[in-house]
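No value in this document is a laboratory result; all are computed from the given coordinates. Keep in mind the model is a prediction, meaning the values are calculated, not measured. Note: ideal-geometry Cβ built from the backbone for every residue, glycine included; neighbour counts use all protein chains shown.
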Amino acid sequence: MSDGSALDHHSPYETPLHRDETAVAGMWLFLASEALLFGGLFLVCLIYSHTRAGGWAEGVRHTNLSIGAANTLILITSSAVYTMAVEAGKRGDNRRVVRAGLGAAVLGLTFLALKGVEWGQEFRENLFPGPHFALHGPDTGGAQLFYSFYFLATFLHGMHMVVGIGLILWICRKARHRAFSAAWNTPVDIVGLYWSFVDLVWMLLFPLLYLIGRA
Amino acid sequence: MARIAVCWGMLVLLLAAELAAARLGSGIGVGVLAVLMVLVIVLGFMQILRAPPLAIIFALGGLFWLTILLALGSLDSFTRTTVPVHAAALPGPTAE
């Protein structure tokens, strides 16, 4: 962020600090709306994991825990690496912004690639809800509900990952042209908030999709 | 840099604890650890406490509405009494 010196009189902001704080607050407002979007999904999970507990747990037991845990570790690391880019941005160190940003993006792409492998495996095993669903028995309805939630939630999260990776690459491009300085680095900061939010959502999805009801 | 490394270390440890809790079948334990991971991200990576006051208000507002959504939305399912119905008690098809 920048200092408190005044902007020109055409600007809607009183100072550069006011401008930057408004941008950060705007991102938090957007993230609050995103929390409500994912909140609807979590509500579905809360209700059906209670009312259709048997089938839901059967679905959880069929997810690939190794890939899920590896992806969680990858996302934690990616978020940490991008936070290094945010710190570098505050110092106006564009080279480190590029390096950390690319590292975070590569880890994000690795997450998506592993998710693709996992989805492929699940499609081959007929775990996509429908007439050829692989799990039979009295709890098949609950298991189909679980996999509907699983595919919707992971698709929605994956889309957020794609947007996040695009934003990080945009930041890297700007940093390559030395666009950021100690006085102005708000975009690096704001993309960091978004990327950490995507990480945060996965920290909640991971236990719901892979852990609770597994034992 | 040290802050980021500490947060990363804490998240990895919490992930390991989460996997152990899942193996022991403790759903509540897994839930608590997941919330702790979220707190580490919000406080350590997103640094909400250093954000402008308006951003903190928006974050708390989001949390408030999320709580309302989850609490009111799940109220019916968690409070409804389910009475088992035996097949023999159901009325059969009536002869015309």
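For chain A, the relative contact order is 34 percent, taking Cα pairs closer than 8 Å that sit 6 or more residues apart in sequence and dividing their mean separation by the residue count.
Seen from A:Ile67, the other residues with C-beta closer than 11 Å to its C-beta sum to a net charge of -1, counting Lys and Arg as +1 and Asp and Glu as -1. This ranking places A:Arg91, B:Arg80 by how few other beta-carbon atoms lie within 10 Å of each, fewest first, which gives B:Arg80, A:Arg91.
Determine the calculated [θ] at 222 nm for chain A from helices alone, applying -39500 (n - 2.57) to every DSSP H run no shorter than 4 residues and normalising by the residue count; nearest 500 deg cm²/dmol. Walk me through the numbers before you get to the answer.
Values: 6 runs with 162 residues, N = 215.
Per the formula, -27000 deg cm²/dmol.
Annotation: extensible slack from A:Leu169 through A:Ala53 equals 37.6 nm (criterion: 0.36 nm per residue apart, minus Cα-Cα distance). Residue exposure proxy: A:Val98, A:Val86, A:Val106, ordered by other Cβ atoms within 10 angstrom of their Cβ from fewest to most, comes out as A:Val106, A:Val98, A:Val86. Between B:Thr67 and A:Arg61, the modelled label-to-label distance comes to 3.7 nm, taking each label 7 Å out from Cα in the direction of the beta carbon. With contacts taken as Cα pairs under 8 Å and at least 6 residues apart, region A:42-162 reaches a relative contact order of 35 percent. Of the Cα atoms belonging to region A:1-109, the radius of gyration and Dmax stand at 20.9, 64 Å. Per residue, the Cα convex hull of region B:2-75 amounts to 74 Å³.
All C-alpha to C-alpha distances of the protein assembly as shown, sorted into 20 Å bins beginning at zero, yield P(r) values of 29, 51, 16, 3, 0 percent in whole numbers.
The distance separating the Cα centre of region A:11-76 from that of region A:161-215 comes to 12 Å.
Taking the beta-carbon count within 10 Å as an exposure proxy, list A:Asp199, B:Asp76, A:Asp20 from fewest neighbours to most. Intermediate values should be presented prior to the final figure.
Numbers: A:Asp199 28, B:Asp76 10, A:Asp20 21.
The order, fewest Cβ neighbours first, is B:Asp76, A:Asp20, A:Asp199.
Pick out the long, greasy-scoring helices in chain A: whole DSSP H runs spanning 18 Å or more along their own axis by Cα, mean Kyte-Doolittle at least -0.5. Helices meeting the span and hydropathy rule in chain A are A:16-51, A:65-91, A:94-124, A:140-176, A:186-206. Entry note: region A:37-211 has Rg to Rh equal to 1.09, where both radii use alpha-carbon atoms and Rh is the Kirkwood radius. Within the listed set A:Gly130, A:Gly92, A:Gly108, the residue fluctuating most in the Gaussian network model of chain A (springs between alpha-carbon atoms under 10 angstrom) is A:Gly130.
Can you give the relative contact order of region A:124-196 as a percent, counting alpha carbon pairs under 8 Å and 6+ residues apart?
Numbers: 28 pairs, mean separation 16.4, N = 73.
In percent, rounded to a whole number, it is 22.
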